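Colleague: First the structure, then my questions, so here it is.
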Amino acid sequence: MAVLRWSLLSHFRSCALLLAFASLCLAQSAPPGGNTSGVGAEWNTRESILEMSKRIAEVKPILDQLRPKEWVNKGAPEAYAQQLESTFVELRGVEWALNNLSGKPEKLSFALDAYFRVQSFRMKVSSMSEAVRNYQNPAVAELIDAYLTDSSASQIQLKGYLTELASLKEAELDVMSQEAQRCRVQQIQRGNRRN
């Protein structure tokens with residue numbers, strides 16, 4: 001019985017090493033320049049993320065001009081003041097998420113977090129634009145709309161990167177799953193031969 005346990009442990013270790021080797025081979029089989037399955041080279045990705053972060057920050061001076069407490073005198077709901085405050089909190093969250101992603105662009109969870117935060121932030125800014133148009137100054141609303149239009153390419157680029165990264169991670173998981181299954185079959189076959 002002890003020999004059988006030792007043999008299974010030995011086979012398990014062999015399979016674990018084989019799985020690690022397969023993962024290493026997958027990483028090394030990437031095309032030159034660090035481009036894997038359409039995912040941008042790491043330097044290019046970081047550069048794009050930092051550029052997106054700069055674009056996001058461009059709206060802050062515009063948002064600083066908003067005066068939702070004055071809008072209440074013109075019939076606006078008081079909730080706009082809270083919404084503007086929440087938009088600034090969301091802006092800090094977007095900056096934090098993009099900073100995390102630029103540090104580790106290969107992390108799918110960071111890419112998802114950044115994408116959803118950017119999307120939510122843009123929706124809040126768009127909502128504030130409507131309020132500004134109605135209660136403050138249509139020219140400032142036009143600035144917000146121009147910002148949203150100009151920065152939409154960054155959001156589309158982030159969505160594309162997220163999709164490519166998810167596809168890559170899915171392919172890596174498939175390879176690891178196939179290798180693990182192959183190891184299990186080998187262990188079973190070796191165990192059957194001994195019995």
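Colleague: Hey, any hits in region 128-138 for a residue that's in contact with a Ser or Thr (Cβ under 8 Å, 6 or more places away or on another chain) and under 30 Å from residue 64 (Cβ atoms)? Working first, answer last.
Modeller: Step one: list which residues in region 128-138 are in contact with a Ser or Thr (Cβ under 8 Å, 6 or more places away or on another chain), which gives 128.
Restricting the remaining residues to those that are under 30 Å from residue 64 (Cβ atoms) gives 128.
Yes; the residues of region 128-138 include at least one that is in contact with a Ser or Thr (Cβ under 8 Å, 6 or more places away or on another chain) and under 30 Å from residue 64 (Cβ atoms).
Colleague: Say whether the condition of being within 30 Å of residue 182 (Cα to Cα), of a type outside the set (Asp, Glu) and modelled with pLDDT under 70 is met by at least one residue in region 38-55. First the steps, then the outcome.
Modeller: Going residue by residue through region 38-55, those that are within 30 Å of residue 182 (Cα to Cα) are 38-39.
Narrowing the set further to residues that are of a type outside the set (Asp, Glu) leaves 38-39.
This time we only want the ones that are modelled with pLDDT under 70, so: 38-39.
Scanning region 38-55 turns up at least one residue that is within 30 Å of residue 182 (Cα to Cα), of a type outside the set (Asp, Glu) and modelled with pLDDT under 70.
Colleague: Does region 84-96 contain at least one residue that is farther than 23 Å from residue 143 by Cα and modelled with pLDDT under 55?
Modeller: Keep residues of region 84-96 that are farther than 23 Å from residue 143 by Cα, which gives 96.
Imposing the further condition that a residue be modelled with pLDDT under 55 reduces the set to none.
Within region 84-96, not a single residue is farther than 23 Å from residue 143 by Cα and modelled with pLDDT under 55.
Colleague: In addition: How many of the residues making up region 60-112 are of a type outside the set (Lys, Arg), over 20 Å from residue 123 (Cα atoms) and part of a loop (DSSP other than H, G, I, E, B)?
Modeller: So the answer is 3.
Colleague: Follow-up question, since we're still on this one. Anything in region 105-127 that is out of contact with any Pro (no Cβ under 9 Å at 6 or more places or on another chain), among the hydrophobic types (A, V, I, L, M, F, W, C) and under 15 Å from residue 154 (Cα atoms)? List them, or say none.
Modeller: Going residue by residue through region 105-127, those that are out of contact with any Pro (no Cβ under 9 Å at 6 or more places or on another chain) are 105-110, 112-127.
Still in the running and among the hydrophobic types (A, V, I, L, M, F, W, C): 108, 110, 112, 114, 116, 118, 121, 123, 125.
Once the filter is applied, which keeps residues that are out of contact with any Pro (no Cβ under 9 Å at 6 or more places or on another chain), among the hydrophobic types (A, V, I, L, M, F, W, C) and under 15 Å from residue 154 (Cα atoms), region 105-127 yields 112, 114, 116, 118, 121, 123.
Colleague: When the residues of region 121-150 are filtered to those that are among the polar types (S, T, N, Q) and not in a loop (DSSP other than H, G, I, E, B), which remaining residue is farthest from residue 107 (Cα to Cα)?
Modeller: Initial filter on region 121-150 (among the polar types (S, T, N, Q)): 126-127, 129, 134, 136-137, 149.
Within this subset, residues satisfying the condition of being not in a loop (DSSP other than H, G, I, E, B) are 126-127, 129, 134, 149.
Working: 126: 29, 127: 31, 129: 33, 134: 42, 149: 28 Å.
Ranking the candidates gives 134 first.
This table checks each residue for (1) under 18 Å from residue 50 (Cβ atoms); (2) loosely packed, with under 13 Cβ neighbours inside 10 Å; (3) of a type in the set (S, T, N, Q).
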{"site": "74", "(1), (2), (3)": "no, yes, no"}
{"site": "79", "(1), (2), (3)": "no, yes, no"}
{"site": "132", "(1), (2), (3)": "no, no, no"}
{"site": "150", "(1), (2), (3)": "yes, yes, no"}
{"site": "169", "(1), (2), (3)": "no, no, no"}
{"site": "180", "(1), (2), (3)": "no, no, no"}
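Colleague: Is there a residue in region 151-170 that is assigned to a helix (DSSP H, G or I), of a type outside the set (A, V, I, L, M) and within 25 Å of residue 68 (Cα to Cα)? Steps first, please.
Modeller: Quick first cut of region 151-170, residues assigned to a helix (DSSP H, G or I) only: 151-170.
Then keep just the ones that are of a type outside the set (A, V, I, L, M); that gives 151-152, 154-155, 157, 159-161, 163-164, 167, 169-170.
Then drop every residue that is not within 25 Å of residue 68 (Cα to Cα), which leaves 151.
Taking every residue of region 151-170 in turn, at least one turns out to be assigned to a helix (DSSP H, G or I), of a type outside the set (A, V, I, L, M) and within 25 Å of residue 68 (Cα to Cα).
The values are calculated or read from the model by the stated rules, or taken from the named source; none is laboratory data. Note that the coordinates shown come from a computational prediction; the quantities given were computed from them, not determined experimentally. Heads up, the Cβs are rebuilt from the backbone with ideal geometry, glycines too, and the neighbour counts pull from every protein chain shown.
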